[in-house]
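Enquirer: Starting off with a structure, shown below.
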Amino acid sequence: VWLILAAVALFGLLFAVSASARAGVVSVWKKCFGDRGVSRKISNARLAQALSMGVASGLPLEEAIALSAGLLEGAAKKRCAECQSRLSEGEGLSAALRFSGLLPASQRRLLELGQRSGAGDVSLKKIAQDLTEESEAAIEALVSRVERTLVIACSVLIGLILLSVMLPLSNIMAAIG
């Protein structure tokens with residue numbers, strides 16, 4: 001147990017002190033988990049917000065996608081580039097969004113219906129609101145899980161500390177009594 005704790009403490013110290021070690025751990029983490037779960041929801045919300053602002057200001061959707069790619073990083077940026085290349089090849093918006101995976105299916109359908117009815121900017125604003133709320137809910141759920149885990153870990157540590165104090169005292173009391 002002490003060896004594991006020492007290894008964790010050494011890793012934490014190395015992570016805190018060395019910027020290159022921190023960058024390496026973050027890059028490995030992003031490669032493994034960067035485009036899943038909460039990260040994906042956050043990047044989808046950012047993309048939808050940027051698209052909404054771009055289209056509301058009068059930009060065509062293709063230009064708004066190109067400008068939105070600058071706000072994203074990693075796999076989300078690659079998805080934007082793939083969508084741009086599909087749109088430049090003449091593919092339809094719905095097919096380009098579907099194959100690139102930029103937006104979830106329900107939001108793609110809402111955007112397509114909004115574009116057909118002439119209310120693309122309104123539908124994008126609604127999509128941005130929905131995805132932002134979804135990402136905030138995912139963050140809150142993750143925080144609540146981490147909070148529970150920290151409470152359990154602290155309770156176990158306090159219990160171990162109490163045991164380490166009480167056991168020697170009980171031996172002393174048994175020797176006296």
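The values are calculated or read from the model by the stated rules, or taken from the named source; none is laboratory data. Please read these numbers as outputs of a predicted model, since none were measured by experiment. Glycine also receives a Cβ, built like all others from the backbone with ideal geometry; neighbour counts cover every protein chain displayed. For accessibility, only protein heavy atoms count, side chains too; no ligands or nucleic acids. Shrake-Rupley method; radii C 1.70, N 1.55, O 1.52, S 1.80 Å.
Enquirer: How much mean residue ellipticity at 222 nm does the chain get from its helices, if each DSSP H run of length 4 or more adds -39500 (n - 2.57) and you divide by all residues, to the nearest 500 deg cm²/dmol?
Expert: That comes out to -29000 deg cm²/dmol.
Enquirer: Taking the 0 to 90 degree range and rounding to the nearest ten, how far is the long axis of helix 19-33 tilted relative to the main principal axis of the chain, both from C-alpha atoms?
Expert: 60
Enquirer: Pick out, from 72, 105, 84, the residue whose Cα sits farthest towards the positive end of the charge dipole of the stretch 54-119, with +1 on the Cβ of Lys and Arg and -1 on the Cβ of Asp and Glu.
Expert: Of the candidates, 105 comes out farthest on the positive side.
Enquirer: Another question about this same structure. Based on the inverse mean of 1/r over its pairs of different Cα atoms, what is the Kirkwood hydrodynamic radius of the chain, in Å?
Expert: One decimal place: 20.0 Å for the Kirkwood radius.
Enquirer: If you take the beta carbon distance between residue 13 and residue 148 as r and set R0 to 30 Å, what does 1/(1 + (r/R0)^6) give as a FRET efficiency, to the nearest 0.05?
Expert: 0.65
Enquirer: To the nearest 20 debye, what is the magnitude of the charge dipole of the chain about its Cα centre, counting +1 on the Cβ of each Lys and Arg and -1 on the Cβ of each Asp and Glu?
Expert: 300
Enquirer: Where the only charges are on Cβ atoms (+1 Lys, Arg; -1 Asp, Glu), what is the dipole of the stretch 80-177 about its Cα centre, to the nearest 20 debye?
Expert: It comes to approximately 160 debye.
Enquirer: Carbon-plus-sulfur fraction of the accessible area of the chain, 1.4 Å probe, in percent?
Expert: On the chain, the fraction of accessible area on carbon and sulfur atoms equals 68 percent.
Enquirer: With a 1.4 Å probe and all protein chains left in place, how much accessible area per residue does the stretch 1-129 have, in Å²?
Expert: About 61 Å² of surface per residue is accessible.
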